[in-house]
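Engineer: Below you will find the structure I want to go over with you.
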Amino acid sequence: MEQTFIMIKPDGVQRGLIGDIISRFEKKGYYLKAMKFMNVEKSFAQQHYADLSAQPFFAKLVDYIISGPVVAMVWEGKDVVLTGRRIIGATRPWEAAPGTIRGDHAVEVSRNVIHGSDSVENGKKEIALWFPGGLAEWKSNLHPWIYEN
Ligand code: IDP
Ligand code: MG
């Protein structure tokens, strides 16, 4: 099944949104396959956001990500990359629909609470970067109540 990398950014941690965010993915029917609470090194944040290194906001973005601990996770399930992005909401919180994480909990694009992989390919890269030791192997006993196959 498909996997995505999800990170609760430092503002999400400081504001006490960890439980709310995990609940949304859990209740949807996705499986948590890895999770760690950690401080990120500057060079690691730069590597994670390497594709954005030419953007004018890159330095501020890196400072934001290293401003406090983050929660890094891997979630698995059918179409979890795209559906995860829809659960998260638009990058700019003022464009994020109510009911999404950013629509409900964020105001500024530079304080938008959460990261989610934008493609299956990038998800694989991010998971390898953040969890080089691999993931947990498990399947819920409720699986047939959530998935047809
Ligand atoms: P995404 O997080 O929705 O995938 P990206 O375009 O990949 O959005 O940008 C990564 C992160 O960079 C955003 O989540 C946001 O925190 C930050 N960011 C994006 N655009 C801006 C901007 O115009 N100003 C400041 N920060 C930005
Ligand atoms: Mg992105």
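Laboratory data are not the source of any read-out in this text; all were calculated from the coordinates shown. Worth saying up front: this structure is predicted, and the values here are computed from it rather than measured. Cβ: placed from backbone, ideal geometry, glycine included. Neighbour counts: every protein chain shown.
Engineer: Which of E26, E137, E121 moves most in a GNM of the chain, Cα contacts under 10 Å?
Structural biologist: Result for the chain, Cα springs under 10 Å: E137 fluctuates most.
Engineer: Read phi for every residue in the range 23-36 and hand back ³J(HN,Hα) as whole Hz from Karplus 6.51 cos²θ - 1.76 cosθ + 1.60, θ = phi - 60°, with x for Gly and Pro.
Structural biologist: Per residue, the Karplus-derived 3J(HN,Hα) values read 4, 4, 6, 5, 5, 4, x, 9, 9, 6, 10, 6, 7, 8 Hz.
Engineer: Shifting gears a bit: Can you give the Rg and Dmax of the chain based on its C-alpha atoms, in angstrom?
Structural biologist: Final numbers for Rg and Dmax: 14.9, 47 Å.
Engineer: Once you put a point 7 Å from the Cα of E41 and another 7 Å from the Cα of D63, both along the Cβ direction, what distance in nm separates them?
Structural biologist: If labels sit at E41 and D63, their model points lie 2.2 nm apart.
Engineer: Which value at 222 nm does the chain reach when only helices count, each DSSP H run of 4 or more adding -39,500 (n - 2.57), with the total divided by all residues and rounded to the nearest 500 deg cm²/dmol?
Structural biologist: Rounded to the nearest 500, it is -10500 deg cm²/dmol.
Engineer: Provide the per-residue ³J(HN,Hα) series for the range 89-95, in order, calculated from phi with Karplus coefficients 6.51, -1.76, 1.60 and θ = phi - 60°, each as a whole number of Hz, with x at glycine and proline positions.
Structural biologist: x, 4, 3, 8, x, 6, 9
Engineer: Still on this structure, I have one more. Of the lysine pairs in the range 3-146, how many meet both conditions: Cα atoms under 17 Å apart, and a spacing of 8 or more in sequence or different chains?
Structural biologist: 14
Engineer: Kindly write out, for the range 112-129 in residue order, the coupling ³J(HN,Hα) from the Karplus curve 6.51 cos²θ - 1.76 cosθ + 1.60 (θ = phi - 60°), rounded to whole Hz, with x marking Gly and Pro.
Structural biologist: 9, 6, 8, 10, x, 4, 9, 7, 4, 4, 5, x, 4, 4, 5, 5, 5, 5
Engineer: A further question on this structure: Relative contact order of the chain: what whole-number percent is it, with Cα pairs under 8 angstrom and at least 6 residues apart? Mind showing how you got there, number by number?
Structural biologist: On the way: 232 pairs, mean separation 52.9, N = 149.
Normalised by residue count, the contact order of the chain is 35 percent.
Engineer: Once amide H atoms are placed 1.01 Å from N in the peptide plane, what residues at a sequence separation of 5 or more from E2, or on another chain, have their amide H within under 5 Å of its amide H?
Structural biologist: It is G77, D79, V80, by chain and number.
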